[in-house]
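Just below is one structure, and these are the notes that go with it.
Nothing in this text is a laboratory measurement; each read-out follows from the coordinates by a stated rule. Just so we're clear, the structure is a prediction, and the values are computed from it rather than from any experiment.
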């Protein structure tokens, strides 16, 4: 890039504001979430009926498994089972 | 080391189950994904958070199957872009007919511009720590001179000149770098 001005640089720095810290922490905690949900996901993968029932009402299925159905948990299980 | 090489190493460590590598990867790309959702597609609040979290969850789940030659950055940009467009389409379906802006699915800020911004931030990270910190606080975090002076324990009257010196150092560093020309307006 040639003839870049200080204003150009300042504008580009300003384009990347930090994401909210809580969002970043939630994304960073995925490995811990995976460890806590591995058993449920594996069970769903090995039994199509359980998988279908779980996907039908994810929040209830998680509640039944003793897992708080928070949005990031629901998202993780849904995406894991869709793969 | 090139950015793509740093990414490849991080991805390899993530594949081995290294949670610290995943934390680093999220840290490395959180602003980028956030900018695509918010600056690129104008999403806010819950919609922006959904796209942000879903992009990283997809990345986490797909890393083991990601081909070695697939660059992480464009892949993540594409996933985030698709998710943002899905949100906009879904919102449009709930609106009365005719009220959707025709260009709502086009990025409001070009992805190339966000890519260039990421390049600048990475170049900024090579500056001395005090420069990185002051430029980030002022331009990206939008902090006032007063807040910066207190946080860095320096006289408020010196903030403007420090920013100018650091900005010039960064500009000099960036000259000749291959950033996307269209990113410079």
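Observations, loosely collected:
- Computed from Cα positions, the angle between helix B:111-124 and the longest principal axis of chain B comes to roughly 30 degrees.
- Here the contact order of chain A, divided by its residue count and restricted to Cα pairs under 8 Å and six or more residues apart, works out to 23 percent.
- Gyration tensor verdict on chain B (Cα atoms; rounded if a/c is under 1.5, prolate if a/b is larger than b/c, oblate otherwise): oblate
- Taking a ≥ b ≥ c as the square roots of the eigenvalues of the Cα gyration tensor, an a/c ratio of 1.5 or more together with a/b larger than b/c marks the protein assembly as shown as prolate.
- Value of [θ]222 nm, deg cm²/dmol, for chain B, DSSP H segments ≥ 4, -39500 (n - 2.57) each, nearest 500: -20000 deg cm²/dmol
- In chain B, Cα pairs under 8 Å separated by at least six residues give a relative contact order of 21 percent.
- Dividing the convex hull volume of the alpha-carbon atoms in chain A by its residue count gives 133 Å³ per residue.
- Cα long-axis angle, helix A:6-15 against chain A (0 to 90 degrees, to the nearest 10): 10
- Computed from Cα positions, the angle between helix B:72-93 and the longest principal axis of chain B comes to roughly 60 degrees.
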